[in-house]
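Trainee: To start, I am sharing the structure in question, which I have written as structure tokens.
The values are calculated or read from the model by the stated rules, or taken from the named source; none is laboratory data. Predicted model, so just to flag it, every value in this text is computed and none were measured. Cβ placement follows ideal geometry from the backbone for every residue including glycine, while neighbour counts extend to all protein chains displayed. Surface areas here come from the heavy atoms of the whole protein model, side chains and all, with no ligands, DNA or RNA. Shrake-Rupley method; radii C 1.70, N 1.55, O 1.52, S 1.80 Å.
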Amino acid sequence: EKSGASSSKSEDSLRSPICCIMGHVDTGKTKLLDCIRGTNVQEGEAGGITQQIGATYFPAENIRERTKELKADAKLKVPGLLVIDTPGHESFTNLRSRGSGLCDIAILVVDITHGLEPQTIESLNLLKMRNTEFVVALNKIDRLYGWKVCRNAPIVKAMKQQSKDVQFEFNTRLTQIVTQFKEQGINTELYYKNKEMGKDTFSIIPTSAISGEGIPDLLLLLVQWTQKTMVDRLTYSSECTVLEVKAIEGHGTTIDVVLINGILHEGDQIIVCGMQDPIVTSIRALLTPHPMKELRIKGSYLHHKEIKAAQSIKINAQGLEHAIAGTSLYVVGPDDDVENVKEAAMEDMRSVMSRIDKS
Ligand code: GDP
């Protein structure tokens, strides 16, 4: 266990974990994202949730509020949680940072009425290959015959409200699904019975993306598990992945990036992979959308002097026309040799190119 390392590190320096969502088509990935974002996003700054470039940021304060019925608030140490909005494996396989996955943790969505499906197994294989932590959202529990809606309730509370028949059906399906996971070599257990929260047994959280049961549990577990098991990964040091390269009216070519770790400043010298050569440039503007405005609405950006991880950001700088999405962005620190950093950036490009050749 890494408990020794975690206690010696300042909790102030923990960054926000990054989460992505995977699973078979129609299991409810998109709906779950909508549901965890909640109506708060539409209602303005309530809870401080901000919709970012391809991601949603939940400040710890908001998670605390939404999980208060679970009485676990003292345990939040990370500043928030960044959830990547693109469901599916593309977001997982294409977004990489220095050779490892961008996401610290994934939500694997399974439809309780269907069990494991072909893309569930594909997702599982990817997660195993990358050694990525995940939790299983056993979704659509409101489809169980006779389910009594307990809007946004913690799952144990909601389950207590159900009839014996519903509880019986739930347990039968759960047992079948646990067996299906076992056939894939994966141990799973209902999260509140999985006291270890260890690597060997993955947690299942029953959810409804329609009526919100189990969503508080899902949010809390994501944060608690990441902060417990990944203190080393969640400590700041500069890391950034390019999501997209786009021309924006009034801004020229910009790149949308996820700052996974560390801090970016206006004026920082950066190196990005180019089609032929590394692009050495400096940050002219660090932009995020205005809260409540979709990024697509042009001209509606906030400028920042500096931004801390994890956040998604639009960067404006000269010479980005040939930048390549999916590669890392490097910040040249005061002690770094530009040539070494350029070499690291090009290594990254070669690995992206070899992936493109294979597909
Ligand atoms: P995705 O393909 O995994 O992104 O699935 P969607 O989020 O598009 O959902 C597929 C369908 O299932 C849609 O019609 C949703 O409204 C429905 N759905 C998703 N989650 C739930 C749920 O928890 N309960 C019920 N009853 N329907 C759901």
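Trainee: Among the residues of the stretch 18-37, what is the count of those that are more than 24 Å from V257 (Cβ to Cβ) and among the aliphatic types (A, V, I, L, M)?
Mentor: 2
Trainee: Looking at (1) more than 25 Å from V331 (Cβ to Cβ); (2) of a type outside the set (A, V, I, L, M, F, W, C); (3) modelled with pLDDT of 85 or more, which is the only condition T253 fails?
Mentor: Going through (1) more than 25 Å from V331 (Cβ to Cβ); (2) of a type outside the set (A, V, I, L, M, F, W, C); (3) modelled with pLDDT of 85 or more one by one, T253 breaks only (1).
Trainee: A further question on this structure: Search the stretch 26-44 for residues that are within 14 Å of the ligand (Cβ to nearest atom) and pair each with any residue that is modelled with pLDDT under 70 and hydrophobic (A, V, I, L, M, F, W, C) when their beta-carbon atoms are under 7 Å apart and the residues are at least 6 apart or on different chains.
Mentor: Here the result reads R37/I49, each pair linking the stretch 26-44 to a residue that is modelled with pLDDT under 70 and hydrophobic (A, V, I, L, M, F, W, C).
Trainee: Kindly provide the set of residues from the stretch 47-93 that are in contact with an Asp or Glu (Cβ under 8 Å, 6 or more places away or on another chain), in a loop (DSSP other than H, G, I, E, B), at pLDDT 70 or above and on the phi < 0 side of the Ramachandran plot, ordered by number.
Mentor: T67, K77
Trainee: Ok, one more. Quick check: anything in the stretch 104-126 at pLDDT below 80 and either open to solvent by less than 10 Å² (accessible area, probe 1.4 Å) or outside any strand (DSSP E or B) (or both)?
Mentor: Checking the stretch 104-126: not a single residue is at pLDDT below 80 and either open to solvent by less than 10 Å² (accessible area, probe 1.4 Å) or outside any strand (DSSP E or B) (or both).
Trainee: In addition: Anything in the stretch 139-152 that is more than 13 Å from D26 (Cα to Cα) and either within 12 Å of the ligand (Cβ to nearest atom) or open to solvent by 30 Å² or more (accessible area, probe 1.4 Å) (or both)? List them, or say none.
Mentor: Hits for the stretch 139-152 are I141, D142, R143, L144, Y145, G146, W147, K148, V149, R151, N152.
Trainee: Then there is this: For residues in the stretch 127-138 being farther than 16 Å from Q176 by Cα and of a type in the set (A, V, I, L, M, F, W, C), which is most open to solvent (accessible area, probe 1.4 Å)?
Mentor: Filtering the stretch 127-138 for residues that are farther than 16 Å from Q176 by Cα and of a type in the set (A, V, I, L, M, F, W, C), the one most open to solvent (accessible area, probe 1.4 Å) comes out as M129.
Trainee: Turning to a different aspect of this structure: Any residue in the stretch 131-153 that's aromatic (F, W, Y): show its pairings with residues that are open to solvent by less than 20 Å² (accessible area, probe 1.4 Å) and within 12 Å of the ligand (Cβ to nearest atom) at Cβ separation under 9 Å, as long as the two are six or more apart or on different chains.
Mentor: F134/M22; F134/I107; F134/L108; F134/S123; W147/I141; W147/S208; W147/S211; W147/E213
Trainee: Check whether at least one residue in the stretch 143-153 is on the phi > 0 side of the Ramachandran plot and modelled with pLDDT of 95 or more, and report yes or no.
Mentor: yes
Trainee: Sticking with this one: Condition (residue is at pLDDT 80 or above and not in a helix (DSSP H, G or I)) applied to the stretch 331-352: is it met by at least one residue?
Mentor: The answer is yes, given that some residue of the stretch 331-352 is at pLDDT 80 or above and not in a helix (DSSP H, G or I).
Yes/no per residue for (1) modelled with pLDDT of 95 or more; (2) more than 16 Å from the ligand (Cβ to nearest atom); (3) assigned to a helix (DSSP H, G or I); (4) basic (K, R):
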{"residue": "A137", "(1), (2), (3), (4)": "yes, no, no, no"}
{"residue": "V156", "(1), (2), (3), (4)": "yes, yes, yes, no"}
{"residue": "E169", "(1), (2), (3), (4)": "yes, no, yes, no"}
{"residue": "R173", "(1), (2), (3), (4)": "yes, no, yes, yes"}
{"residue": "V178", "(1), (2), (3), (4)": "yes, yes, yes, no"}
{"residue": "I205", "(1), (2), (3), (4)": "yes, no, no, no"}
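Trainee: While we're here: Using the structure shown, decide if I21 is buried (at least 21 other Cβ atoms within 10 Å of the Cβ), at pLDDT 60 or above, closer than 27 Å to K308 by Cβ and within 16 Å of the ligand (Cβ to nearest atom).
Mentor: Against the criterion (buried (at least 21 other Cβ atoms within 10 Å of the Cβ), at pLDDT 60 or above, closer than 27 Å to K308 by Cβ and within 16 Å of the ligand (Cβ to nearest atom)), I21 qualifies.
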